[in-house]
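Undergrad: Structure provided below as structure tokens; questions to follow.
Every number here is computed from the coordinates shown, using simple stated rules; none is lab data. It should be emphasised that the depicted structure is a prediction, and the values quoted were computed from it without experimental measurement. Note that each Cβ is placed from the backbone with ideal geometry, even for glycine, and that neighbours are counted across all protein chains shown.
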Amino acid sequence: MIRRCLPHVKPNGTVLELGFMDGQWTDHFLAKGCSVVAVEGALKNVEFGHNKYRSQPRVRMVRSLFDDYRPEEKFDLIHMGGMLKHLDNPGDLLRIAKGWLKPDGILTATTPNANSLHRRVGVHMGMLKDLTDLSETDNAVGNLRHYDLNSFRQLLETSGFNNFYFHYQAGVE
């Protein structure tokens with residue numbers, strides 16, 4: 001997924017990364033010369049980021065809930081890596097974040113596919129009622145929903161992102 005998104009990242013641009021986790025995306029943004037503001041709510045992930053990038057002036061770690069964060073600048077890219085499924089009102093954040101983009105800025109938003117093979121197997125085995133059902137693991141990690149291609153597209157469109165395209169793996173959808 002990272003490889004498919006990277007061609008759309010403006011070299012030497014400014015990136016707002018919502019949902020840092022371990023810096024996997026951050027490393028790729030830095031390799032393209034970008035400056036990164038990484039917003040993360042989990043203290044352990046923020047501490048990890050501070051340690052990993054302590055000598056990297058192009059990374060600024062911010063501990064905040066996404067809904068509470070208000071940047072002082074606009075960005076070339078906002079990256080939302082798999083975090084929309086954790087929010088009570090993901091459309092609200094998307095509508096607000098649209099104003100955080102520069103006029104030619106882009107949003108990359110990723111999410112696991114509700115129609116994935118492992119979810120289909122779970123339904124077939126009776127472990128899930130349907131493809132959008134939440135498992136014990138989903139509840140443990142704070143997932144509130146799953147998206148398929150159509151529901152993710154609808155979320156983006158109703159949030160004001162009307163000019164977009166999707167990358168997805170053949171056979172997954």
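Undergrad: I'd like to know if the range 39-58 contains one or more residues that are in contact with a Cys (Cβ under 8 Å, 6 or more places away or on another chain) and more than 17 Å from A97 (Cβ to Cβ).
TA: Yes: the range 39-58 contains one or more residues that are in contact with a Cys (Cβ under 8 Å, 6 or more places away or on another chain) and more than 17 Å from A97 (Cβ to Cβ).
Undergrad: Is there a residue being surrounded by fewer than 17 Cβ atoms within 10 Å (Cβ to Cβ), in contact with a Phe, Trp or Tyr (Cβ under 7 Å, 6 or more places away or on another chain) and not basic (K, R) anywhere in the range 71-83?
TA: Checked against the condition, which is being surrounded by fewer than 17 Cβ atoms within 10 Å (Cβ to Cβ), in contact with a Phe, Trp or Tyr (Cβ under 7 Å, 6 or more places away or on another chain) and not basic (K, R), the range 71-83 yields at least one hit.
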